[in-house]
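Working notes, structure below.
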Amino acid sequence: MSKVPQITLNNGVRMPQLGFGVWQVPDDEAERAVGTALEAGYRSIDTAAAYENEQGTGKAVAASGISREELFITTKLWNSASETWTRDNVLREFDASLDRLGLDYLDLYLVHWPRPMRDDYLAVLRAFDEIEKSGRARAIGVSNFKPAHLRRVVDETGVVPAVNQIELHPNLPQAEARAFHAEHDIATEAWSPLGQGKGLLEESRIGELARKHGRTPAQIVLRWHLQIGNVVIPKSVTPSRIRENIDVFGFELDADDLTALAALDTGTRLGPDPDTFDWN
Ligand code: NAD
């Protein structure tokens with residue numbers, strides 16, 4: 001059994017607090033990387049229609065021999081510039097993702113981006129609600145939604161997404177979004193939790209904490225996420241790093257460490273702003 005703790009979502013479904021992300025991993029490599037992650041003890045996998053690796057992910061899941069109930073599989077509805085989302089095309093895309101994954105249900109289905117300029121995310125959430133009620137997704141959620149988008153969803157559809165997956169790392173701790181989520185019992189899931197492995201992991205303050213705890217910079221950052229209550233989904237295709245990134249349950253940061261990490265908030269995004277992003 002995996003030693004990753006689970007959180008309880010607002011509909012009672014349990015979700016591992018640490019999972020494995022596969023953005024930018026080609027389909028054939030995803031099969032290998034997800035296989036390595038499952039062997040290392042990960043049970044939650046985060047893919048998306050847009051990553052074009054649902055098939056490789058599904059093959060690794062099938063080959064693992066791990067029982068379906070032990071796994072937590074997330075995928076996402078991709079943006080479409082050519083059409084407005086309607087109930088029917090959302091249901092069609094959902095079926096296509098399940099098909100590519102080779103699964104008959106999902107643990108979590110997310111709306112990838114709100115695309116507020118298209119003004120169709122309320123229709124998407126109503127279709128998602130129908131999917132959840134049918135039992136084919138155990139939970140539904142969103143990604144890249146700002147508090148204003150979420151407020152509209154809650155007020156106008158009555159649906160409270162179980163999860164909001166947003167860019168979040170020590171350079172962008174997203175205090176306002178996290179407070180909004182806490183108020184509405186929405187779990188915060190951090191994407192690019194390691195800052196995409198770029199400058200963040202070379203920060204001297206993180207290096208000092210790594211030396212203090214006898215851990216790596218990536219492990220310090222993942223520990224920070226877990227201790228402030230985020231769900232994290234670090235990505236790597238390197239087997240030693242895949243194992244390193246789940247080996248974060250044998251130490252704890254203290255209050256001074258958390259204060260030192262809070263000083264890294266620069267408000268800098270690596271990805272686009274959800275208010276203006278409409279890429280397909
Ligand atoms: P990440 O922050 O997980 O960083 C991954 C990179 O960090 C790797 O490619 C590698 O270069 C480096 N790295 C990983 N482990 C390391 C280690 N132990 N030591 C040193 N370097 C290490 O970045 P990410 O892939 O952007 O985000 C994680 C996951 O979040 C994605 O795979 C995807 O599943 C999800 N995501 C979602 C969205 C969204 O819009 N919903 C956007 C981006 C990412």
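Quick one: with all protein chains in place, what share of the accessible area of the chain is carbon or sulfur, to the nearest percent (1.4 Å probe)? On the chain, the fraction of accessible area on carbon and sulfur atoms equals 47 percent. Considering the convex hull of the alpha carbon atoms of the stretch 62-175, report its projected area averaged over all viewing directions, in nm², one decimal. Over every viewing direction, the Cα hull of the stretch 62-175 projects on average to 8.5 nm². Look at where the Cα atoms of the stretch 95-128 and of the stretch 146-201 average out, and the two centres are 17 Å apart.
Computed on the stretch 1-54, the Cα convex hull volume stands at 82 Å³ per residue.
Test of understanding: what is the full-extension gain from Trp23 to Glu52, defined as 0.36 nm times their sequence separation minus their Cα-Cα distance? If you can, show how the numbers build up before the last one.
Details: separation 29, 0.36 × 29 = 10.44 nm, distance 0.89 nm.
Gain on stretching Trp23 to Glu52: 9.5 nm.
Could you work out the helix-only [θ] at 222 nm for the chain, with each DSSP H run of four or more residues adding -39,500 (n - 2.57) and the total divided by the number of residues, to the nearest 500 deg cm²/dmol?
Working: 10 runs with 112 residues, N = 280.
Value at 222 nm, helices only, nearest 500: -12000 deg cm²/dmol.
What do you get when you divide the Cα radius of gyration of the chain by 2.2 N^0.38 Å, with N the number of residues?
Working: Rg = 18.0 Å, N = 280, 2.2 N^0.38 = 18.7 Å.
After normalising by residue count via 2.2 N^0.38 Å, the value is 0.96.
Here the stretch 198-229 is scanned for amide nitrogen atoms under 15 Å from the site 7 Å beyond the Cα of Thr266 along Cα-to-Cβ, giving 198-207. Comparing Cα centroids, the stretch 41-56 and the stretch 254-276 end up 26 angstrom apart.
Once the 1.4 Å probe is applied to the protein heavy atoms, the chain comes out at 42 Å² accessible per residue. Using a simple spin-label model with pseudo-atoms 7 Å out from Cα toward Cβ, Glu39 and Gln227 lie 3.2 nm apart.
The largest-to-smallest principal axis extents of the Cα set in the stretch 128-259 are 49, 31, 25 Å. Helix 121-134 and the longest principal axis of the Cα set of the chain meet at an angle near 90°.
Relative to the longest principal Cα axis of the chain, at what angle does helix 175-184 sit, 0 to 90 degrees, rounded to 10? For 175-184 against the chain, the angle is about 50 degrees.
The values are calculated or read from the model by the stated rules, or taken from the named source; none is laboratory data. From a predicted model like this one, the values you see are computed outputs, not experimental measurements. Positions of Cβ are backbone-derived with ideal geometry, glycine not excepted, and every protein chain shown enters the neighbour counts. Remember, those area values only see protein heavy atoms, side chains included, never the ligands or the DNA or RNA. Shrake-Rupley method; radii C 1.70, N 1.55, O 1.52, S 1.80 Å.
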